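Here's the structure we're looking at; comments come further down.
The values are calculated or read from the model by the stated rules, or taken from the named source; none is laboratory data. Remember, it's a predicted structure, so these values are computed and weren't measured experimentally. We place every Cβ from the backbone using ideal geometry, glycine too, and count neighbours over all the protein chains shown. In case anyone asks, the SASA skips ligands and DNA or RNA and just uses the protein heavy atoms, side chains included. Shrake-Rupley method; radii C 1.70, N 1.55, O 1.52, S 1.80 Å.
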Amino acid sequence: MPVHAVAGAPALIAVFGWWLVRRVGGVSGDCHGAGIEFVETGMLVAIAIAGRV
């Protein structure tokens, strides 16, 4: 189950990076920290969903 969450991480990183470039113009230190939290939360949600299936 955790493998699926880890496999989805690159997609989350790509989407967040694309959004940052479009909205902010690039990645700053604050954006980097927010990205870490975003990806971690997305992986935890994927694990929780996989545990219910």
Go over the candidates Gly33, Gly51, Gly29, Gly25 one by one and state the one that is at positive phi and out of contact with any helix residue (DSSP H, G or I) (no Cβ under 8 Å at 6 or more places or on another chain). Gly25
The range 16-40 - residue that is hydrophobic (A, V, I, L, M, F, W, C) and surrounded by fewer than 13 Cβ atoms within 10 Å (Cβ to Cβ) and, of those, farthest from Val3 (Cα to Cα): Val24
Unique residue being touching a residue at least 40 places away in the same chain (Cβ under 8 Å) and aliphatic (A, V, I, L, M) when the list is Ile36, Ile47: Ile47
Does the range 41-49 contain at least one residue that is modelled with pLDDT of 90 or more and open to solvent by 70 Å² or more (accessible area, probe 1.4 Å)? yes
When you check Ala9 against the structure, is it free of Cβ contacts under 8 Å to residues at least 24 places away in the same chain and in a helix (DSSP H, G or I), yes or no? no
